[in-house]
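FYI, it's all coordinate maths here, none of it is from the lab. Fair warning: this is a prediction, and the values are worked out from it, not measured in the lab. Please note: Cβ atoms are built from the backbone with ideal geometry, for glycine as well, and neighbour counts cover all protein chains shown.
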Amino acid sequence: MSHAPADGRQHGRSDAATRKAEDNPQELLRAGIFLLRRDEPREAVRILERAHHLDSKNPMTCSYLGLAMALARSGTKQAVQLCEDAVRGGTFHAELYHNLGRVYLMAGDRRRARLAFLEGLKLDQDDPNITHDLKKLGMRRVPPLSVVHRDHLLNKYIGLALRRLRIR
């Protein structure tokens, strides 16, 4: 048997308090971040879009909305744009660069992701999330032939041969 009120409201929360939370962009941002941490990006996009609608100038909202969109796979170009705008917004938070780097990774741009992570580390050298993602990204060696692109067949096969011969 349920102890909830017959009208469906929770104990201690009035309709006015619920409406107030729905109109508070900071509360919506917190809820969106919570949903992202629970691995619910689609729901986070919905909440963060509402927060962005209420406060489109907040760089944290833009950054987390971009991250949520990339995780939900709903518009990677727009996600990159939101995160880049957040970084350009003038606030210097390592979190913004971390989100930008993650979105770049999801867009397949490893080079720009690495640069974003390194910029974030300049702001907070002890950020464990950025350090973890940077280590996960790994370091690539210089290609054997610098005159052709690293994805060129010659670079691939020479690199394989050098590794097998344990020269590299």
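Numbers at a glance
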| quantity | calculated |
| --- | --- |
| Cβ-based exposure ranking for L137, L35, in which fewest neighbours within 10 Å come first | L137, L35 |
| Folded to 0 to 90 degrees: helix 128-137 orientation relative to the chain principal axis, Cα | 40 degrees |
| Segment 82-168, Rg to Rh (Cα coordinates; Rh as Kirkwood inverse mean 1/r) | 1.12 |
| Protection proxy ranking, peptides 148-160, 61-73, average beta carbon neighbours within 10 Å, highest first | 61-73, 148-160 |
| Degrees between helix 94-106 axis and first principal axis of the chain (Cα, 0 to 90, nearest 10) | 60 degrees |
| Rounded Å value of the spacing that divides the Cα centres of segment 54-120 and segment 127-149 | 20 Å |
| Relative contact order of the chain, pairs being alpha-carbon contacts under 8 Å that are 6 or more residues apart, as % | 12 percent |
| Between 0 and 90°, nearest 10: helix 76-88 axis offset from the chain longest Cα axis | 80 degrees |
| Share of pairwise Cα separations in segment 32-123, more than 14 Å, in percent | 59 percent |
| Using distinct alpha-carbon pairs, which all enter the 1/r mean, Kirkwood radius of the chain in Å | 18.5 Å |
